[in-house]
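Okay, structure first, notes after.
Only the coordinates and a few stated rules stand behind these numbers; no lab work does. Not measured: the values here are computed from a predicted model. Because the Cβ atoms are built from the backbone with ideal geometry, glycine has one as well, and the counts that use them run over all protein chains shown.
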Amino acid sequence: MLKANLIFLILLLSLVLTGQAPVGSWTDHLSYASARRIAIGNNEIYASTGYSVMIYDKTYSELRKLSRIQGLTETGISSMAFSKEHNTLILSYSSCNIDLVKNNTVYNIPDIKRKYMPGRKVINKVVTSGRYAYFACSFGIVVIDLVKNEIYDTWKPGINGNVAEVFDISFLNNKIYAATSLGVYSADASSTSLSYYGNWNLIRSLRASTSSYNAVISSGNKIYVNRNESTASGDSVYVVDNNAALFSFQSGIYNTSLDTYPGGFIISSPKSVRIYNDTGTLLRTLTSFSTSVPDISQTMIDGNDIWVADKSSGLFRGINMANFTSMQLPGPATNDVVSITNKNGKTYIAGGALDASWNNRWMDLKIFIYEDNTWHSEVSDTFKDALRVLPDPDNNNHYFVSTWGMGLLEYENNVLIKKYDDSNSPLKTIIAGAPYSRICGMAMDKSKNLWITQTGVPGTIKVLKPDGNWMPVNETISLTVPTVGDIMISKAGYKWVILPRGYGLFVLDDNNTPENFTDDRYKSFFIKDNDGNMISTVYSMAEDLDGNIWIGTDQGPVIYYNQNQIFDADPKAYRVILPRNDGTGLGDYLLKSESITSIAIDGANRKWLGTNSSGVYLVSSDGLKQLANYTEDNSPLYSNTIVGIAVDDKNGEVWIGTSKGVISIRGDATSGEGGFKKVYAFPNPVRPDYKGNLTITGLVRDTQVKITDVSGNLVFETISTGGQASWDLTTFTGSRVSSGVYIILCASSDGSVSATTKILVMK
């Protein structure tokens, strides 16, 4: 373990010194601003965000992450517990999958997830006792052996053959107690036949004994249960000794968790925490620990510290039950994402949402911006449903936000400086007398005119000039379609517009005279491929480095190689055909059964294709080779449903927005520079146990890279992928190079510019 930690520290130091993550490495960009569950470990505090786990190490007073990148099987954590006896973190997911984390190794138990069950299948909570973990499920109790990492038994408390949904479990005096939808049941914990409902006893002394009880704990040789009734004015907590009696009821208070600590127990509700000793005497009530309105999910006590999980504010630590400190890792405020944009090394995420029919979801405006390992979150309940962010190419701190109903927003240094709607601009409202301007697409031309698309109003396309004035509106372009989506301006100056929900494409050629409508050409059309097939559903588009227009449809990608022919009578889109190589001479369309929801072009002109249900594909520049397919099954990707992709042209990092949050992978291609600028290699030095590739960056496109030892002997050569090249640290014979200094010689393809750098390899 000491050696492993030393290796980790060396690698970490290497990353810090170079400021770069290795090519192929993944980074999570999840939100750590919400906490749902807490577990107390032997030397660590665990807090579940619902998507991942934040870990506080008490020895080093530091926070770290535990997510799919570190080996968790899924996102969507529903419950969590820790077994101190077996030093095991237990996680259950909304899918009913289960992970056991022991000594940095994840053991997956997928049995419940895979088993077909009619009706509802949910894991509500997990508790531990001895060598077992007990899962309170919608169909009973599942017992897992923490030594063998396998299911030991399934128990079914209930009455008259009706199996109850179990919400919580507790133990006292060799008895197990289950809070269920049909009352509170007890049984002999040592019994070997608890799969039969008749071996469970209903606690009939409770008021409304067959009602739903959703929490149970033991403290001071007594049982405390929480009765939750949707028709009641608050939750009732009962204490069970020889008989049951009402312990606590407060009108309007609905409890979120009952938890124990050595010497007493805690009752958490959204706005308060009540701490009791083991005799049931109230010791303290907490109602404030942050500047925001609390939304408490769970509270636990560890020694002299109290830990509060708050859904809206994250994890808090109260030293000596006071002096509260927020415990957060960097990240966006939430995991919501509808689009991603990257410009000049800065990433912009819009966190709005629409339903399948493009109706409002009325989500608070959410804009998340990442630069230099720092996050800024812009969240406002004044505006709703942010769809796209478009940065000024000359000023990364100046950007525009399109909203679905709230008009156009302009920001400078993360401060709103202007709101455009029907009251102060040509933007129209779709509801007479109400401010309701629906905007989706935005694009900026070479003159920095901002082109936007509007839905449901005269004049589909509006143009804002860089001086803040608006161009005249060509109201003859009023598309009679229910929705107008993204707009893209190609190198040729054509404006390409997606018409969602099966209405194809619209293209405008304004002849580079946006204020003169007389020379405009435009058309709406369905896609017709080279085999005569018609395609109407379009999701995405991008222009590659060669000026080809890639369109993402519900039948895979199509390509317009010559956009000058788009106004011909019958323009054809080309579909890449992949040969089957089976002797038939036949082939298949590239990703013909996939819905391509997003397209991004990297520095090597390769295409990153996001899909609706199959993750992300990376294909060669011509589409003829599938280089990778990242899915939930073979990568840390949170979800196979992709909503957006953007490539950081500075370092090649590929940002992927999924239905469950944002993640990125360090790509091996960057945009080639106009000349060699800051050519360097990383990691440098290369440590003895480093297993990844060396990356050379700051190159021009198609750089010829030669690597020699100090004697001038050639050990490796390659051509850069865009502005970046990789070396696996082996010679032409496949053996790892020896220790020493190596010279990296770089030259452009025509030999007009060159650069040199060097590295140290330690072996």
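Using a cut-off of 10 Å between beta-carbons, work out the net charge of the residues near residue 262 (Lys and Arg +1, Asp and Glu -1, residue 262 not included). Write out the running numbers ahead of the final one.
Values: positive: none; negative: 278, 302.
The answer is -2.
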Determine ³J(HN,Hα), in whole Hz, for all residues of the range 370-382 in sequence, where each value follows from phi through the Karplus function 6.51 cos²θ - 1.76 cosθ + 1.60 and θ = phi - 60°; x replaces Gly and Pro. 10, 7, 6, 6, 10, 10, 10, 10, 10, 10, 8, 8, 6
Gyration tensor over alpha-carbon atoms, the range 407-507, equivalent ellipsoid semi-axes in Å: 20, 18, 12
Checked against a 19 Å limit on the C-alpha separation, the offending pairs among 448/607; 384/428; 495/607; 311/660 are 448/607; 495/607
Exposure proxy order (Cβ contacts within 10 Å, fewest to most) of 217, 340: 217, 340
Here the relative contact order (percent) of the range 134-275, from C-alpha pairs under 8 Å and at least 6 apart, is 15 percent
Sparse-neighbourhood loop sites, chymotrypsin sites (Phe, Trp or Tyr not before Pro) in the range 663-763 - DSSP loop, at most 15 other Cβ within 10 angstrom: 732
Could you sort out which of 419/465; 528/625; 65/271 sit more than 21 Å apart by Cα distance in this structure? 528/625; 65/271
[x] 27; [y] 38; [z] 54: which one is percent of Cα pairs over 44 Å apart as calculated from this entry? [y]
Mean residue ellipticity (222 nm) of the chain, computed from DSSP H runs ≥ 4 via -39,500 (n - 2.57), nearest 500: -1000 deg cm²/dmol
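Can you tell me, using C-alpha contacts under 8 Å and at least 6 residues apart, the relative contact order of the range 389-484 as a whole percent? Before the final figure, lay out each step's value.
Details: 206 pairs, mean separation 16.8, N = 96.
Relative contact order here is 17 percent.
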Between the alpha-carbon centers of the range 357-375 and the range 407-464, tell me the distance in whole angstrom. 18 Å
For residue 95, the residues 5 or more places away or on another chain with a placed amide H closer than 5 Å to its own amide H are none
Note, residue 550: beta-carbon cut-off 14 Å, +1 each Lys/Arg, -1 each Asp/Glu, net -4
Please go through the range 540-642 and write out the chymotrypsin sites (Phe, Trp or Tyr not before Pro) that DSSP classes as loop and that have at most 14 other C-beta atoms within 10 Å. 561, 567
Between the range 715-763 and the range 478-544, the alpha-carbon center distance in angstrom: 44 Å
Where a ≥ b ≥ c are root eigenvalues of the Cα gyration tensor, a/c under 1.5 meaning rounded, otherwise prolate if a/b exceeds b/c and oblate otherwise, the range 649-763 counts as oblate
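Taking neighbour Cβ counts within 10 Å as the exposure measure, how do 696, 417, 69, 759 sort from fewest upward?
Working: 696 25, 417 10, 69 18, 759 21.
Ranking 696, 417, 69, 759 by Cβ neighbours within 10 Å, fewest first, gives 417, 69, 759, 696.
So for the chain, averaging the separation of alpha carbon pairs under 8 Å that are six or more residues apart and normalising by length, what relative contact order in percent results?
Values: 2047 pairs, mean separation 56.5, N = 763.
7 percent.
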Return the whole-Å distance between the Cα centroid of the range 282-344 and the Cα centroid of the range 675-703. 40 Å
Here, chymotrypsin sites (Phe, Trp or Tyr not before Pro) of the range 52-95 satisfying both criteria (DSSP loop; at most 11 other Cβ within 10 Å) are 60
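Rounded, prolate or oblate: which fits the range 261-302 when a ≥ b ≥ c are the square roots of the eigenvalues of the alpha-carbon gyration tensor, with rounded for a/c under 1.5 and prolate only if a/b beats b/c?
Values: a/c = 2.53, a/b = 2.08, b/c = 1.21.
Prolate, since a/c reaches 1.5 and a/b exceeds b/c.
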Angle between the chain longest axis and helix 2-18 axis [Cα atoms, degrees, rounded to 10]: 40 degrees
